[in-house]
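Contents: one structure, followed by commentary.
Where a number appears in this text, it was derived from the coordinates with a stated rule and is not lab data. Since the model is a prediction, treat every value here as computed from it, not as a measurement. Ideal geometry is used to build each Cβ from the backbone, glycine not excepted, and the neighbour counts take in all protein chains shown.
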Amino acid sequence: MAILLTFILGVANFALHGAVMECGHPLIGRMPWFYHAMSRRLSLAVEFLMLFAGMLLAAQGEVWGLLGYIAYSALNGVAGWLILTRRV
């Protein structure tokens, strides 16, 4: 059950990441030069590694791994909501 919850949160994080990157917010344009040089690949790779680590920890039965990924997803959701609704 923990692996499924982690996977669902991961899909939501990837969807939110894509929406933020495509929204055209001025904050995205202010990112450092190396972020634009590496495009979205690096940020998607980091997102994947976070999901992979969360799923591995959930598979091992580590409760703190799932709780950490839930906290990461919650912070990611709040930040995405702030950017997409132009409150930042």
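Details
- Kirkwood estimate for the chain, i.e. one over the average of 1/r between Cα atoms, Å: 13.8
- Extension gain, Ile70 to Met1: 0.36 nm times the residue separation minus the Cα-Cα distance gives 23.5 nm.
- With Cα atoms, 0 to 90° folded angle of helix 63-84 axis to the chain main axis: 20
- Remark: spin-label model distance Leu84-Ala19 equals 0.1 nm, labels positioned 7 Å along the Cα→Cβ axis.
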